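Here the structure is laid out as structure tokens; the discussion comes afterwards.
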Amino acid sequence: MTTTVTAAATRTRRLTGFQPTGRLHLGNLLGALRPLIAAQDAAESIALIADLHAMTMDHDPASVRRHTLEQATVMLAAGVDPERTPIVVQSQVREHTELHYLLECVAAHGEAARMIQFKEKSAAGGPIRLSLLTYPVLMAADILLYDTTQVPVGEDQNQHLELARTLAIRFNTKYGDTFTVPEGVRPDSAARIMDLAEPTRKMGKSTGTGQIRLLDPPEVIRRTVARAATDQVGLVRRDRDNQPGVTNLVDILAELTGRPPSDTTSYATLKREVTDAIEAVLTPIRARHAELSANPDSVRAVLAAGAEKVRPTAAATVRRAREAIGLLN
Ligand code: AMP
């Protein structure tokens, strides 16, 4: 067995990924960005804009580039401090793709082919990109590259995180201790924000019609909340099975304000409170975004600095992996 340097993970290191397939929305803010910002002192976090993942389905090159820059700008506007939390564009750190290939050499075709997300997305018809099949292996590379100890994952990414753990353990067992084996950490269930128009499905960037995008103007937000699906029950309470729409609005309000609705009977009041709470959170983000986007070069500089900051760790991991697997360093 080749001698390798043991990956020493002494601190909590967290990786949160965002795909630049669309505009960031309230689910991204409450489920991922706010927890990331809140933990900036407690953990070493990396915010990864996974642009390579945005190319696993038919894509528009200009919009991937535009969303990459916009997401970085929104992250800064929302309070990500790049001094503590590097914002990294995946493709700007070449080690992601190099490690991806090395991990493909310990991954089986069947492991990738049985991923639920692959099955769902490939069932949509049309040509299936090979990168859609191998995407979870690239995600494993994203995680393992930085000696990540914790990955915040929702249910839909559980299987992919398990694969990352499996590949890390398999590689370590076969070729010597190389990777830190990451743990998944669950965001609490209230942070799973549902689509306002279709509250049984998760709010997503490209799905549903009831998204609240972080840069939406106030009148669009007011209209989207006013049209949010409710029910005939007439009670403002949490009951996800029977009142998914009302439950979602109550959860959003609780996440935004830290308190339950003040009025326990009227849906109209609930919607007004939700609209006001969203506005209170988004107004400063919008204003800061406008300032930052006036100078996109400064955002690009933040991204270049982010890549620069994490590259030594990425290079060290790839070097260990190359050594272990039998390549000449
Ligand atoms: P994605 O939008 O799939 O690129 O996900 C970026 C991050 O936002 C991940 O950490 C997701 O778990 C989180 N996220 C995405 N959609 C939601 C949602 N509707 N509710 C809560 N968190 C979400």
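Couple of notes before you dig in:
- All-pairs alpha carbon distance profile, the chain, 10 Å steps from 0, percent: 5, 25, 31, 24, 11, 3, 0
- Relative contact order for segment 218-291: 29 percent, from Cα pairs under 8 Å spaced at least 6 residues apart, divided by residue count.
- One chain, two ends: THR200 and ASN158. Fully extended at 0.36 nm per residue, the span grows by 13.2 nm beyond their Cα-Cα distance.
- Mean accessible surface per residue for the chain, computed with a 1.4 Å probe while every protein chain stays in place, in Å²: 47
- In the chain, helical runs assigned H by DSSP with n ≥ 4 each contribute -39500 (n - 2.57); averaged across all residues and rounded to the nearest 500, the mean residue ellipticity at 222 nm is -15500 deg cm²/dmol.
- Cβ crowding within 10 Å averaged over residues, with 67-77, 319-329 ranked highest first: 67-77, 319-329
- For the peptides 202-212, 296-306, the ranking by packing is 202-212, 296-306, with the highest mean count of neighbouring Cβ atoms within 10 Å listed first.
- Between ARG311 and ALA124, the simple label model (points 7 Å from Cα in the Cβ direction) yields a spacing of 3.4 nm.
- For the set LYS121/LYS202; LYS121/LYS205; LYS205/LYS271, the pairs lying more than 20 angstrom apart at their alpha carbons are LYS205/LYS271.
- Label separation (SER266 vs THR166): 5.4 nm, computed from points 7 Å beyond Cα along the C-beta direction.
- Annotation for segment 1-100: trypsin sites (Lys or Arg not before Pro) lying in DSSP loop with at most 15 further Cβ atoms inside 10 Å of their Cβ are ARG11, ARG84, ARG94.
- Selected from GLN159, ALA54, ILE128, residue furthest toward positive end of dipole (segment 49-191; charges at beta carbon): ILE128
- Extension gain for the segment GLU279 to ALA62, taken as residue separation times 0.36 nm less the Cα-Cα distance, is 75.1 nm to one decimal.
- Label separation (ARG94 vs SER298): 3.1 nm, computed from points 7 Å beyond Cα along the C-beta direction.
- Segment 210-259 and segment 11-75: distance between their alpha carbon centers, rounded to Å: 24
- Portion, in percent, of the accessible area of segment 218-291 that falls on carbon or sulfur, probe 1.4 Å: 51
- Comparing mean-square fluctuations of PRO61, PRO82, PRO217 from a GNM of the chain with C-alpha springs under 10 Å, the top value falls on PRO61.
- Positive dipole terminus of the chain, leading residue within ALA228, PRO182, LEU30 (C-beta point charges): PRO182
- Quotient of Cα Rg and 2.2 N^0.38 Å for segment 4-118, N being how many residues it contains: 1.18
The values are calculated or read from the model by the stated rules, or taken from the named source; none is laboratory data. These numbers were taken from a predicted model, which means no experiment stands behind them. FYI the Cβ positions are ideal-geometry reconstructions off the backbone, even for glycines, and counts take in every protein chain you see. When the accessible area is computed, the model is the full protein with side chains, heavy atoms only, and any ligands, DNA or RNA have been set aside. Shrake-Rupley method; radii C 1.70, N 1.55, O 1.52, S 1.80 Å.
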